[in-house]
1. So between residue 170 and residue 200, what do we pick up on full extension, going 0.36 nm a residue minus the alpha carbon distance?
2. Scan around residue 76 for amide H atoms under 5 Å from its own, H built in the peptide plane at 1.01 Å from N, and keep only partners 5 or more places away or cross-chain.
3. P(r) of segment 84-135 in 5 Å steps, Cα pairs, percent per bin?
4. Could you tell me the largest-minus-smallest coordinate of the C-alpha atoms of segment 65-104 on each of the three principal axes, in descending order and whole angstroms?
5. Ranked from highest to lowest mean number of other Cβ atoms within 10 Å per residue, what is the order of the peptides 153-166, 93-106?
6. List the residues, sorted by chain then number, that are 5 or more residues from residue 244 or on another chain and whose placed amide H is less than 5 Å from its amide H.
Amino acid sequence: MTGTSTAADQARDLLARAQAQKAAQAADSALSTLPARTVPAPRTTETRVQQALDTATTERTLPTLPAISELLSGALRGGAVYSVRGSSALVMAMMAGPSAEGAWCGVVGMPSFGAEAARGLGVDLERLVLVPDPRHDWLSVVAALVDALTVVVVRPPGEVTPGEASRLSARLRTRGAMLIAVGSWPGSEARLEVQASTWSGLGAGEGQLTARQATVAVTGRGAAVRPQQHQLWLPAMDGTIRTVEETARPADKPASWLQEAVS
């Protein structure tokens, strides 16, 4: 099948098949009276979405890394939208807290998303669903995934209208899911932007990248709110995400995943 509805149809079909498989397994379990040897299912995207449906929750507060909590003066909220500019690493850091506590995450419209960089920053790849190219029907894809996943990251292909944002926000509130928009988003709970950053570990053209100190500006709802600037290790030398004021342990990480997370 081709056309702009392909990705949305696939997302809806994926959820429908996962729900049907879940119902069939429940029925088989109820009818079976003899013990049987269970053969583990392959780790397909459909299996992952089914597991996400099994563990979905509508809790309003999500587990959050301490450094992200300091940026936002509180925890991440289910039902909210956060917009991020200037750093994929910051997006991954926001995913890491919920992911480490068992939440399922999805990434839509980011074909160059660095899975190994995400792993290095604390995202569990076993509970990560990727939709690299949703085409023009990205909004329907995101809406479908919000029904199953706790955290959904999306890079919109263009400007998001207030109407589109409002419809998706209503769905987020119903599910208790969180959306992280890479770029601008109307009515976002908070806007985070990396305005400057400095890498450590390179000498006069030699060495390897070991840490990144970033200046992050955070703005809340309403244009009148003045941005607050924070200094953040993104990441520190030991691979953790924390505020600059904290003391770092000097333990170098390989440069490959650090470079992958820089933008």
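1. Between residue 170 and residue 200, full extension yields an extra 6.5 nm.
2. 62
3. 5, 22, 33, 27, 11, 3, 0
4. Cα extents, longest axis first: 27, 20, 20 Å.
5. 93-106, 153-166
6. Here 231, 232, 233 satisfy the definition.
Read the figures in this text as sums done on the coordinates, not as results from a lab. It should be emphasised that the depicted structure is a prediction, and the values quoted were computed from it without experimental measurement. Note that we place each Cβ from the backbone using ideal geometry, even for glycine, and neighbour counts take in every protein chain shown.
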